[in-house]
1. Name the residue that is farthest from Pro165 (Cα to Cα), counting only residues in region 47-82 that are within 16 Å of ligand 2 (Cβ to nearest atom) and in a loop (DSSP other than H, G, I, E, B).
2. Would you mention how many residues in region 35-86 are within 11 Å of ligand 1 (Cβ to nearest atom) and at positive phi?
3. Looking at region 106-126, is at least one residue at pLDDT 95 or above and assigned to a loop (DSSP other than H, G, I, E, B)?
4. One residue is enough: does region 15-34 have a residue meeting the conditions of a type in the set (Phe, Trp, Tyr) and either at pLDDT below 95 or more than 14 Å from ligand 1 (Cβ to nearest atom) (or both)?
5. Filter region 163-179 down to residues that are touching an Asp or Glu at 6+ places or on another chain (Cβ under 6 Å) and part of a loop (DSSP other than H, G, I, E, B) and give me whichever is nearest to ligand 2 (Cβ to nearest atom).
6. Enumerate the pairs (first residue in region 21-46 and away from ligand 2 (no atom under 16 Å from the Cβ); second residue anywhere and part of a helix (DSSP H, G or I) and of a type in the set (S, T, N, Q)) with beta-carbon separation below 7 Å, excluding pairs fewer than 6 apart on the same chain, so at least 6 apart or on different chains.
Amino acid sequence: MIRFNNVTKHFVGVKHPALEDITIDIGDGEFVFLIGPSGAGKSTVLRLILRDLLPTSGTVIVNEWETGKIPSGKIHLLRRSIGMVFQDFKLLSDRTIGENIAVGVEILGKPRLEIEKRVNEVLDLVDLPDKANYFPLQLSAGELQRVSIARAIAAGPAILLADEPTGNLDPETGWGIMQILKEINAMGTTIVMATHNDSFVNQMKKRTITMKDGKIHRDEEKGRYHLVKHEHNAHEHVKHDGEKETTEKNVKDGKKEDQHGRD
Ligand SMILES: Nc1ncnc2c1ncn2[C@@H]1O[C@H](COP(=O)(O)OP(=O)(O)OP(=O)(O)O)[C@@H](O)[C@H]1O
Ligand SMILES: [Mg+2]
């Protein structure tokens, strides 16, 4: 469970708040997209959930903990319940794939054999069963993102956060990552994913929270990507399209290989 109660976040020396009076409720097992223009506050929301940041006012509750009040001796328990995937993978280049994933499991203090077993399980899950002894430089970007997902879920977190996980990938490889996230969600993990990829949002039909200027602009079940750039109009604006239009747009996106830009 993730709950933001009237959360405002100011960064020191910045006049406008990054987030202003945000209230969000995300239940266990949900799949939620966070969308909105650059600077809207998507990454700030994810960092507050991870307790990488604390709110200036309001409360952030993750599972049974309020992040601002959790005793320092318990922070590791909160962190253990959250996995995080980034656009640029953040793998250690001098460790093998197996060692990179093991980092995520070692915090559980399990015996070596059990750790190895878990590393192999999650590598199977992301469809990279033979790569444990490779180094990151020997893998493609899509494979590296699958490794970083394997690392994030290795310790069995209740929540997986993903910040533009397909941003560095071509549309087809990105779609493969979406399928893996969908499977992980189907196994019960709550997923919150920040993205700029309109075609993935439109095709997945999951809850979509649209942010703008640090506020929640929309929050829709089976949402769609409303902030689109028309080919004949470079301005970003809100589009109230119907289901039919959305379907046509998906077809167009598929053909044009996601010209609307990065993840
Ligand atoms: N560490 C920081 N110090 C100062 N300002 C920050 C910091 N991190 C974020 N901001 C500001 O907070 C606002 C929200 O930033 P955030 O990174 O959450 O946006 P975003 O929606 O993730 O954007 P993008 O799509 O470009 O990743 C922006 O105005 C940004 O400049
Ligand atoms: Mg961001």
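The values are calculated or read from the model by the stated rules, or taken from the named source; none is laboratory data. Treat the numbers as computed from the prediction; the structure is a model and nothing was measured. All Cβ positions, glycine included, derive from the backbone under ideal geometry; neighbour counts span all protein chains shown.
1. If we take residues in region 47-82 being within 16 Å of ligand 2 (Cβ to nearest atom) and in a loop (DSSP other than H, G, I, E, B), then Leu53 is farthest from Pro165 (Cα to Cα).
2. Count: 3.
3. The answer is yes, given that some residue of region 106-126 is at pLDDT 95 or above and assigned to a loop (DSSP other than H, G, I, E, B).
4. In the first step, residues of region 15-34 are kept if they are of a type in the set (Phe, Trp, Tyr); the result is 31, 33.
Checking which are either at pLDDT below 95 or more than 14 Å from ligand 1 (Cβ to nearest atom) (or both) leaves us with 31.
Yes, because at least one residue in region 15-34 is of a type in the set (Phe, Trp, Tyr) and either at pLDDT below 95 or more than 14 Å from ligand 1 (Cβ to nearest atom) (or both).
5. Glu164
6. Sorted first by the residue in region 21-46, then by its partner, the pairs are Phe31/Asn185.
Each row is one residue, and each column tells you yes or no for (1) surrounded by fewer than 22 Cβ atoms within 10 Å (Cβ to Cβ); (2) farther than 17 Å from Arg151 by Cα; (3) within 16 Å of ligand 1 (Cβ to nearest atom).
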site: Ala162; (1), (2), (3): no, no, yes
site: Thr166; (1), (2), (3): no, no, yes
site: Pro171; (1), (2), (3): yes, yes, no
site: Trp175; (1), (2), (3): yes, yes, no
site: Lys182; (1), (2), (3): yes, no, no
site: Ala186; (1), (2), (3): yes, yes, no
site: Thr189; (1), (2), (3): yes, no, no
site: Ala194; (1), (2), (3): no, yes, yes
site: Thr208; (1), (2), (3): no, yes, yes
